[in-house]
Structure formats: structure tokens, C-alpha cells
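Here's the structure we're looking at; comments come further down.
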Amino acid sequence: MWSLVSVILLLSLLSACSSQPATVYEGLGGEPGLAAVVDNLLERMAKDEQIVRYFQDTDIALFREGLTEHLCDVADGPCEYGGDDMKATHRGLNITQADFDRLVQLLIYAMQEEGIPIAVRNDLLKRLAPMYGDVVYQ
Ligand code: HEM
């Protein structure tokens, strides 16, 4: 028969195993984790014909910085995005729904390759999805 102490120990072990990260940012692995996801994504974007054509005139170092800050903010990390809102940022680009879906797919691949847990991946995607209306056909 298990003693009360072993039951309590087992329960606390189980709850430690299932505990969620406090924020999506933490789940992404904080600053180094987010940087790895962003760099992985940028490499995929650079190789993707459908996506890369939008970035011909873009300063990639600045874009990397802005995207990182934006995602950190969206993921409840310790950042406040200081750039223009998403509508203004994407105005005039005429981004299609297919482009949006493609970029989301590349982000999913990037997060998978960087070992981000599925619950965290889905949480970040859930926060990005409502931005669709501000990005597409602006
Ligand atoms: C939820 C989806 C998206 C988010 C959260 C997002 C986020 C951002 C952010 C934060 C910036 C500004 C970065 C900075 O401060 O410099 C930016 C710029 C930009 N985004 Fe997006 N974006 C999204 C979807 C897309 C899609 C689908 C495309 C096209 C395939 C796209 C193309 C661009 C381009 C061309 C720029 C401008 C780069 C420049 O300044 O030259 N974005 N985006």
C-alpha cells in the first residue's frame, strides 16, 4: 500500500511534467529560441519563390529585427513592438490569401524544426491568425 507521502510525491511529479510555460514567449525558448525560429523562417522565405519576390527591396537585417520584436510582443515576451501597425506595414503590397497561408506554413515548418512544442506552436498561430485581415489585400 502506498504511503500518503509517495502519493503526494507522485502527484507533484505529474503536475510538474504537465506544467505549461508561463508565456508563449517562454514556450518558444525566450530570446534564443525566438531568434532561432525567426532565422529558420527567414532562410525558408529566402528560398521560397512565392514569398521572396515581396522582399526584393527589403533591408533584411531591419526586417529581422522588426519581426522578432513583433513576435516577442505577440507572444507576451518582454518587448513592445515600435513599428507601424500591420495594416500600414502591408499596405500596397497586395498580398494574397495564398501568400498568407504559405508564410504561415513556413512558420510552422520553422517552429517544428526548432523543436517548439505543438501547444506553443498553436498558441502563437492563434494569435497571428486574426492579423489576416490587416495583411491580405491591403
Ligand atoms: C500574420 C502574418 C504576418 C505578420 C505578423 C507580419 C509581420 C510583419 C512585420 C512585423 C513587419 C515589419 C518589420 C519591420 O518592423 O521592419 C512586416 C513587414 C513586411 N511583411 Fe509581413 N507579416 C505577416 C505576413 C506577411 C505576408 C503573408 C507577406 C507576404 C508574403 C508579408 C510581407 C511583408 C513585407 C514585404 C514587409 C515589408 C518589408 C519592408 O519594410 O521592406 N508579410 N511584416
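The values are calculated or read from the model by the stated rules, or taken from the named source; none is laboratory data. Just so it is clear, the structure is predicted and the values come from calculations on it, not from any experiment. Counting neighbours? That spans all protein chains shown, and the Cβs are built from the backbone with ideal geometry, glycine included. What goes into the accessible areas is simple: the full protein's heavy atoms, side chains included, and nothing from ligands, DNA or RNA. Shrake-Rupley method; radii C 1.70, N 1.55, O 1.52, S 1.80 Å.
Roughly how many nanometres apart are two label points built 7 Å out from the Cα toward the Cβ at residue 105 and residue 35?
3.1 nm
What number comes out for accessible area per residue over the chain if the probe is 1.4 Å? Units Å², please.
On a per-residue basis, the chain sits at 64 Å².
Between residue 61 and residue 47, what is the label-to-label distance in nm when each label sits 7 Å out along the Cα-to-Cβ direction?
Going by the 7 Å Cα→Cβ label model, 2.5 nm.
Membrane-span-like helices in the chain: DSSP H runs reaching 18 Å or more (Cα, own axis), mean Kyte hydropathy at least -0.5?
Sorted by number, the helices that extend far enough and score high enough are 4-18, 30-47, 60-74, 97-113.
Nearest 500 deg cm²/dmol is fine: what mean residue ellipticity at 222 nm does the chain get from its DSSP H runs of n ≥ 4 alone, each adding -39,500 (n - 2.57), divided by its residue count?
About -19500 deg cm²/dmol.
How big is the dipole moment of the chain about its Cα centre under a simple scheme where the beta carbon of each Lys and Arg is +1, that of each Asp and Glu is -1, and everything else is neutral? Debye, nearest 20, please.
Around 460 debye, computed over the chain.
Over region 4-135, what relative contact order in percent results from Cα pairs under 8 Å that are six or more residues apart?
It rounds to 34 percent for region 4-135.
Quick one: if you stick a label point 7 Å off each Cα along the C-beta vector at residue 22 and residue 118, how many nm between them?
2.8 nm
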